[in-house]
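The values are calculated or read from the model by the stated rules, or taken from the named source; none is laboratory data. Note that the structure is predicted; figures quoted are calculated from it, not measured. Here the Cβ positions follow ideal geometry from the backbone for every residue, glycine too, while neighbour counts run over all protein chains shown.
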Amino acid sequence: MDRRNYFSSSSSYSNSTKSRNSNYPKHSIPSRDSSGITSTKKTTTRNRDSDDGRRHDSDDGHQDYPTLVGTCPFMCPGEERERRERLRDLAVFERLHGNPAKTSPNLAVKKFCRTINTKDVQASDVRPVPVLEDTLNYLLNLLHSSDQSFAVVHDFIFDRTRSIRQDLSMQSAVSDQVIHMYERMVKFHIISHRHLHRSFGNPNIASMCHLNMEQLMKALTTLLNLYEANRASHSMCQNEAEFSSFYLLLHLGSDKQVEPLSLWFRNIPSPIMKSKEMCFARRLLRYYRLGNYKQFISTTEGEASYLQYCIIEPYINEVRMLALSCLSYGGYKLQPYPLLHLSKLLMMKESEVESLCIDCALETSSDGTGKGLLATKQSVIMKSSGGFQKYYPMESERIERLCTELPEL
């Protein structure tokens, strides 16, 4: 594979959509020059407080690092490790025998640095790809082996994987090994996406979700660029269709992305567009935008992989609320819609359907045959404060089995 920097998050069609208000970075499409070699347009995110113009706020989107190959043999450079010991700046996972002022090369992991002065970057401060892969293995093992809460583990891995991406960017590292590392980091953010959304009772969860989504899109955007560079060099990556479907599913709640998404489709090779994963994601996106709640829920239950379900799950309640709204407006006033039937349609327990109706400020009634939703032509209003809806799991043996058989990271 050609050794170039494919870590830019710029988009070839971003100029036509600058005025669009979106939370999602655009997928950058590498262009081809006359020699047939793939290249990308370079952009730099500058720190406005910089006085010399060479301090930058970025991770894998950075473009102005000098080309180098890291030589640091440890997960954390020795100088940073000693400085953080003096400052007692050690995460709980980095403390030797619980001492907040003592660590070791086997515990300390290089922190993400928001601003880097390019002229001060030394090869000894940057970890080579094999060390970065070992570091990633260590971090992801913490996800299922730690006694700490998920929020604490996520916060640590979140920061240290950003540092890994930053080191990869500084070295313009492009290889099958790097692609695999990015795939694993994207998986981490997707799994975190589901865990964070389920923890709706935590008051800090909204900001954590926002930051996780931001880094998920950055890592996935870089991965898609690496896939495209790989196609230009030789062949298609084995997992490209799967991760392309993730990118598409992340646009479920983004109506303003219709135009850029259509342009993105035009750059996707036919074998990927026709893949099982992409066909599923395209159908689900269509059902969502058409408001076809029945097909959305049944297709998710029958076909979604675990990682796809992690992305879809936060939208399931939204689709359920749409179903309640349709039934409330379109039903017959004197004949309540049985909650038992609703529970099968929405794949929920009957008691949870009643709770969801209450959350949506809809009226239910009870007679000799059971409880039902009254068709009162009411608008659905979510009572939950703080921006997060209560989580209602999908009643499905298949989904439950997927969620217990977690994928390898």
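Observations, loosely collected:
- Single residue of region 297-330 satisfying the filter (surrounded by fewer than 21 Cβ atoms within 10 Å (Cβ to Cβ) and of a type in the set (Phe, Trp, Tyr)) that is modelled with the lowest pLDDT: Tyr329
- Filter result (of a type in the set (Val, Ile, Thr) and over 24 Å from Phe74 (Cβ atoms)) within region 149-191: Ile179, Val186, Ile190, Ile191
- Arg282 being part of a helix (DSSP H, G or I), among the basic types (Lys, Arg) and over 20 Å from the mean Cα position of the chain (by Cα): no
- Test: residue in region 364-373 that is of a type in the set (Val, Ile, Thr) and in contact (Cβ under 8 Å) with a residue 12 or more places away in the chain: yes
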